[in-house]
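Student: I'd like to ask you about the structure that follows.
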Amino acid sequence: MKCPLCKAPTEVKHTKDDDGTPIRRRHCYNEHSFNTKEVAISEPKPKRRIRKVLAVSESGRKAA
């Protein structure tokens, strides 16, 4: 993440958890410091299941 003031790269110096939401203290290479809060912007989607269809031969045995 870049510093919002000078756009320099930043490092995370401290992380704490506030009811399941990470709050991070960041410092940029120009000695600015600021906090960030990680928040989901969308709901997670369930994993789509792929059904495997097996062909059945006339003899009744499954064929791959």
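The values are calculated or read from the model by the stated rules, or taken from the named source; none is laboratory data. The shown structure was predicted, so the numbers you read here are calculated from the model rather than taken from an experiment. Don't worry about glycine lacking a Cβ; one is built from the backbone with ideal geometry, like all the others, and counts go over all protein chains shown.
Student: List, please: which pairs have Cβ atoms under 7 Å, are six or more places apart or on different chains, and start with a residue in region 1-16 that is within 12 Å of His32 (Cα to Cα) and end with one that is of a type in the set (S, T, N, Q) and part of a strand (DSSP E or B)?
Tutor: Going by the 7 Å Cβ cut-off, the qualifying pairs are Lys2/Thr10; Cys3/Thr10.
Student: Further question on the same structure: Among the residues of region 27-54, how many are of a type in the set (A, V, I, L, M), closer than 30 Å to Lys7 by Cβ and either without any contact (Cβ under 8 Å) to a residue 12 or more places away in the chain or not in a loop (DSSP other than H, G, I, E, B) (or both)?
Tutor: Residues meeting the conditions: 2.
Student: Can I ask one more? Restricting attention to region 13-26, report how many residues are assigned to a strand (DSSP E or B) and over 17 Å from the mean Cα position of the chain (by Cα). Working first, answer last.
Tutor: Filtering region 13-26 down to residues assigned to a strand (DSSP E or B) leaves 13-18, 21-26.
Restricting the remaining residues to those that are over 17 Å from the mean Cα position of the chain (by Cα) gives 13-14, 16, 18, 25-26.
The total comes to 6.
Student: Return the only residue of Arg48, Arg26 being among the basic types (Lys, Arg) and either touching a strand residue (DSSP E or B) at 6+ places or on another chain (Cβ under 8 Å) or at pLDDT 85 or above (or both).
Tutor: Residue meeting the stated conditions: Arg26.
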